[in-house]
Amino acid sequence: MNPVIRNILVYPAVLLFLAVNLWLMTRDVYVLNLLPVVLLLAVIAFFSIDRLLLIIVFFTPLSIPLRHLAGDAGADLYLPTEPLLAGVMILFIWKVIREKNADLRILLHPLAVVIYFYLFWMVVTSLTSTLPLVSFKHTLARMWFIAGYFFVAAHVFTDFRNIKKYLWAYILSLTLVIFYTLFHQYQYGLFNQQVSHSTVHPFYNDHTAYGAALAFLIPVLAGFVSGRKEKKTHRMFPLIFLIIFLAALVFSYTRAAWVSLVAAGVVFLLIRFRISFTSVVFFLLAGVAFLFMYRTEIMMELEANKETSSTDFATHVRSITNITSDASNAERINRWKSALRMFREKPVYGWGPGTYQFKYAGFQMKKERTYISTNFGDLGNAHSEYLGPLSESGLPGLLAVLALVGASVFTGLRVIHRAREKPVSALALTLLLGLITYFTHGFLNNFLHTDKASALFWGFMAMLVALDIYHTRGVSTEVAPEESSKDL
């Protein structure tokens, strides 16, 4: 552009922006201050979508729900991540359709195909939903989580170094939340369980979502510490973070997260001692069959004790073995049974994605209610990544979730056994163990409607897909093949 013409266009535009912004600020309207940031992010997205993704990942643990800033705004989303992810999804679709430069190996990977079915069925059940507007909003949010954290991320991970950048972006940001949480918790007493529920606000809804994120990343940090090719001085850095995360997990008082790490440890031993995948699947299916056959007796036994919650640390640990040892766990059983009753009434299409919290109230039984229960059913979801989809999207919805679990485990094991270089197989192992923590946690809670869990859940799957496609056949442990996310 001619310098004279550029000056004629640029300087008046800048002066106009400053004048309008100052005028608005005198009237306590500050929204225009965000315009330079929005324009900067738009430029970054257009020229370097990988950098924008890392920026989004860094801000994910620090994102704040709109309702915290604006009260009842009619719609809730996490700021600044969800608007950015929506933009990334639009840009990704535009580039795939217009420029046709997306890698078909990613788009047609078996795990991606399972995701297509997962999203397809969410769209179908949104059409048949009892609350269509709620369901379509829920499904749309899930789409931009998957578009950004999985499909765009998988292309970004063609460069092996970007995998660690993604992980460290989240780890560093979550560490800030840890310090914030522990500081506020310390003021009331680190051993006060009740305080842990609220000290994570406004970044996390409650301590369980916070604990799930910590458990997700602890296997990764442990893998960084145990890296054989790393110098001892280089391993000290992740060791410090591992200690911080373990301490934070203990004081999060999230029993489901503690159990999920035990489950990950069991899976690690199975892989370490090379127990065959067929044997693992057999024992898992046998366990599921046992639980199903004796589900009535188990539920009766679990309901034998309904004490109130204790702040004693030892009591809190012992309560893991009895799922109704406090009101919060008794309420989980109430939610699970309500979800099963909802499923029986609509077994194929369910009630619609995102509708559980609006519909479960009428399915509660008086004898199963707790002091946490409400007549309006307005305090949360099904507390299960498996029973939630079962009630909202019917049996195919549950099967889609189980297919995601199976496809990701299969992909992880394939990378572990096929990778020619140790750093690739070691990373795949830690990613798989991280996913195992969430698959386990998903029996007791569900957080995939949030950006914080989605960044790890879909991001870890994207990493496994990228490792499977680009990094298993003698690829450098530093830089991937010539494919680049900048071409996306």
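Quick notes on this one:
Conditions tested, residue by residue: (1) surrounded by fewer than 22 Cβ atoms within 10 Å (Cβ to Cβ); (2) in a loop (DSSP other than H, G, I, E, B); (3) modelled with pLDDT under 80.
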{"site": "I323", "(1), (2), (3)": "yes, yes, yes"}
{"site": "R341", "(1), (2), (3)": "yes, no, no"}
{"site": "G350", "(1), (2), (3)": "no, yes, no"}
{"site": "P353", "(1), (2), (3)": "no, yes, no"}
{"site": "Q357", "(1), (2), (3)": "yes, no, no"}
{"site": "G362", "(1), (2), (3)": "yes, no, no"}
{"site": "T374", "(1), (2), (3)": "yes, yes, yes"}
{"site": "G377", "(1), (2), (3)": "yes, yes, yes"}
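- Options L119, L167; residue that is hydrophobic (A, V, I, L, M, F, W, C) and surrounded by fewer than 17 Cβ atoms within 10 Å (Cβ to Cβ): L119
- P110 vs. criteria at pLDDT 90 or above and either under 20 Å from S454 (Cα atoms) or surrounded by fewer than 18 Cβ atoms within 10 Å (Cβ to Cβ) (or both): yes
- The residues on offer are F460, F447, F410, F443, and the sole one that is in a helix (DSSP H, G or I) and more than 19 Å from F245 (Cα to Cα) is F410.
- Looking across region 124-164, the residues that are under 19 Å from G352 (Cα atoms), of a type in the set (S, T, Y) and buried (at least 18 other Cβ atoms within 10 Å of the Cβ) come down to T125, S126, S129, S135, T139.
Per-residue answers, yes or no, for (1) at pLDDT 85 or above; (2) assigned to a helix (DSSP H, G or I); (3) under 18 Å from H197 (Cα atoms); (4) of a type in the set (S, T, Y):
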{"position": "V259", "(1), (2), (3), (4)": "yes, yes, no, no"}
{"position": "V266", "(1), (2), (3), (4)": "yes, yes, no, no"}
{"position": "T315", "(1), (2), (3), (4)": "no, yes, yes, yes"}
{"position": "R332", "(1), (2), (3), (4)": "no, yes, yes, no"}
{"position": "R335", "(1), (2), (3), (4)": "yes, yes, no, no"}
{"position": "S338", "(1), (2), (3), (4)": "yes, yes, no, yes"}
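- Some residue of region 64-76 being assigned to a helix (DSSP H, G or I), modelled with pLDDT under 85 and small (G, A, S): yes
The values are calculated or read from the model by the stated rules, or taken from the named source; none is laboratory data. Since we're looking at a predicted model, the values are computed, not measured. Here the Cβ is made from the backbone with ideal geometry for all residues, glycine too, and neighbour counts use every protein chain on show.
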